[in-house]
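All of the numbers you see were taken from the coordinates with simple rules; none came from a lab. Only a predicted model underlies this, so the values are computations on that prediction, with no experimental measurement involved. Cβ placement follows ideal geometry from the backbone for every residue including glycine, while neighbour counts extend to all protein chains displayed.
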Amino acid sequence: MQYEEIESYIRTDKPDIWRRLYPLHGFYKDQITRITAENCIFLACYEEAEQVAREVIAWVETQPDELVSGFDLLSQSHAELRELRRITGRVFTRKTNRLRRNLRRAIGLRPEHDEVQQDFDNARTASAKNFIIIPDAEHPEQSLSAHDLRQFHLRRSYAVNLAIADGIHDLAVNFLDYAGLFLTLTLPGEYRNCSYEQAKTEISRRWKRVRRWKRVRRKARDRDIPLLGMTALELHEDETPHYHIQLYVSPEHRAWVEEQILDAFPNECDRRDEAIKDIRDVARASHYTTKDHGKPETSLTFIGLRKDIKRRYRGVFEGKDTSTLSEWRISRARQLMKQKTLGGAVLLLLRGFADERLNRLSARHPDLHYAGTDTQKLQTMFLHTLHFRVVKDFRETNTSRDSMISKAPKQENTVSHSGPVPTCLYKNQEGVRAYGLACECIGSLGQPPPATEAKSLSSWTCSIRLTSFMMHGEMTS
């Protein structure tokens, strides 16, 4: 059944309802009529068209004024919205998409079946492709358009998000020994199949869920339980919001955190094994969490990091102004970014964590609150070697920290070296310069140099010994 079959009944019985429906796009009016006719229980005392018209009138009267008053706006094409923007100076794209989404939820229409939305998106993409920012007269197909620029920014943002997620996993698992959890949190069933007049708008429900998750994080912060991770707020096929969360928590606090999550989302108790899983493959988990990156109403945030971590990470990589960091930090962090290694060290060098006790691990005088074991202190020692080019042992031990040489060298054949020699260092170790180290340290069996440099190492050592021997001979004579 089409809307034109019942339009005369609506115009006669309820002229005000007819005027409200008049600016609505014909596609939506036909969909409302069709869905209403499918769910209508026909009575013998009315004609089918008249009864469907009565049901449509009752449906319109139950809808919020915000949706009904927006029938005109959500029916606008992309060209009409551009003209409206030129006249008013305001952008209505986001509001229009939100109104269409709420209308689809009200009538039970999937986004892929919304012809008006599909035409709008296609026209918007075509307009962006035709808007040339950097023309190329010789090769027009290689000109840079607004669409190309937007895709570039999306790819760069996607790469930054994955790099930060990898850094969180690196620090949380390899340094803090945290357990990785992958959470999938959804709304109760009544929010999926309820009628539109019985539920809030999709946007309100989404923010309600955000407040629930913030409540869990606030309780953890009050108990001094650090949480690290990444959250992605996405939409189901029926455009109901849900969460995908990569969460890292210490093993002793895991049970308490899971209890708080299930308390905030009681509908997940029956599917606990599906809602809370262990992260076994961080690459697959991160790609799945960010799979809807760039789609409308999809947001991605990080847990336990600075609010401006994306801007700071991107600024350091691109060499932009980051006056809050030293040049040495920026240089070392950019080098590690390009090597795509040690993601946790990059975040520490960027001072990217919300907890200053973690940021101070990269300070000259570190805060060892999170470095309780010898392994963690050795990792902090390695970070200082990368950052300051200084080897400093933070372990509490009574053993000697001098060079591990089995016997004293002969003074007449070697160059004297004042001060202790750091343990197990040689000229190929990262962050340590070759000059200034004794030949015993360079030739130490603790960490032998690569075979490719054996010849140069031998000649360098022999030259030192020969020079020392000649100096000793001159002094004797």
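Values for this structure:
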| quantity | calculated |
| --- | --- |
| Estimated FRET transfer efficiency (R334, R155; beta-carbon r; R0 25 Å; 0.05) | 0.80 |
| Environment charge at H293 (Cβ cut-off 14 Å; Lys +1, Arg +1, Asp -1, Glu -1) | +3 |
| Nearby aspartates and glutamates by direct alpha-carbon distance to K340 (threshold 17 angstrom, same-chain neighbours under 8 apart not counted) | D166, D170, E318, E430 |
| Highest-first arrangement of 88-94, 124-130, where packing means the average Cβ count within 10 Å | 124-130, 88-94 |
| Set K129/K295; K219/K307; K14/K295 screened for pairs whose C-alpha atoms are more than 28 Å apart | K14/K295 |
| Sparse-neighbour loop sites [chymotrypsin sites (Phe, Trp or Tyr not before Pro); the range 110-191; at most 14 other C-beta within 10 Å; DSSP] | F131 |
| Interchain or long-range residues, amide H under 5 Å from V249's placed H | A179, L181 |
